[in-house]
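The values are calculated or read from the model by the stated rules, or taken from the named source; none is laboratory data. Source: prediction; values computed, not measured. Cβ: placed from backbone, ideal geometry, glycine included. Neighbour counts: every protein chain shown.
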Amino acid sequence: MTRIVDGYFHLLRAVIALCLAGMVVLVFGNVVLRYGFNTGITVSEELSRWLFVYLTFLGAIVALRDHGHLGVDMLVKRLPALGKKVCLVASQLLMLLATWLLLQGSWQQTLINLDVTAPASGLSMGIFYAVGIIFGVSAMAILLADLYRLVTGKLSDDDLVMVKESEEQEEFEELQRELAARDRAEGATRDAGRSRP
């Protein structure tokens, strides 16, 4: 099962890279054609906008799995383990509610716009709204898996705070942990050297 999940997220990362590459080609190619040859790619603006929306939603799925979203952890990280668990359950349930609402709205918009064609490309506008369904299903699965791990006690104390205030703060805390581990190792080496006759 883990291989299937990892494969899915590997696929998402590949699609994100393709979306980014497609945006660059469409926008840059359109600029070159307009200024250099007084022509352009008709669907460039529309398709690059669609690719950007897909890139954003798919990137949010990957970030949710990696717990890469930024948040305010100032209070939660100071709470005891029980307080962290209560806050995590509450936040997971609220995110599940918000994701359900987004999924429900995306489903309705996809059905409504299935027969509506985009002005430049002629593609179904349902494709545009379908990314909300992909996000909603994936995000709900991630949130439910995290909630299951919490309820079954498979989360460590460090995993109870799933957001960080800033990337710099996270790097600083990691550096502090590394320095503390190095100091402990050096202290153990000194103590072992002193105990020898």
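The table that follows gives values for the structure above.
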item: Residue under evaluation V25, criteria (1) free of Cβ contacts under 8 Å to residues at least 40 places away in the same chain; (2) more than 19 Å from A120 (Cα to Cα), criterion not met; result: (2)
item: Odd one out for G83 among (1) surrounded by 12 or more Cβ atoms within 10 Å (Cβ to Cβ); (2) within 20 Å of the chain's Cα centre (by Cα); result: (2)
item: Residue in the stretch 153-161 that is at pLDDT 90 or above, at negative phi, touching a Lys or Arg at 6+ places or on another chain (Cβ under 6 Å) and in a helix (DSSP H, G or I) present; result: no
item: Residue pairs meeting the criteria (Cβ under 6 Å; at least 6 apart or on separate chains; first more than 24 Å from M140 (Cα to Cα), in the stretch 74-94; second surrounded by 13 or more Cβ atoms within 10 Å (Cβ to Cβ)); result: K77/V161
item: Filtered residue count, the stretch 28-45, keeping only those that are more than 25 Å from S124 (Cα to Cα) and touching a helix residue (DSSP H, G or I) at 6+ places or on another chain (Cβ under 8 Å); result: 1
item: The one condition in (1) farther than 23 Å from H10 by Cβ; (2) assigned to a helix (DSSP H, G or I); (3) at pLDDT 70 or above that E170 fails to fulfil; result: (3)
item: Subset tally (residues that are of a type in the set (V, I, T), crowded, with 16+ Cβ neighbours inside 10 Å and modelled with pLDDT under 90) for the stretch 28-65; result: 2
item: Some residue of the stretch 108-122 being among the charged types (D, E, K, R), assigned by TED's automatic domain parsing to the domain that holds L12 and modelled with pLDDT under 90; result: yes
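Here is a yes/no grid of residues against (1) within 30 Å of A14 (Cβ to Cβ); (2) outside any helix (DSSP H, G or I):
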site: V31; (1), (2): yes, no
site: T42; (1), (2): yes, yes
site: L51; (1), (2): yes, no
site: T56; (1), (2): yes, no
site: D73; (1), (2): no, yes
site: K77; (1), (2): no, no
site: C87; (1), (2): no, no
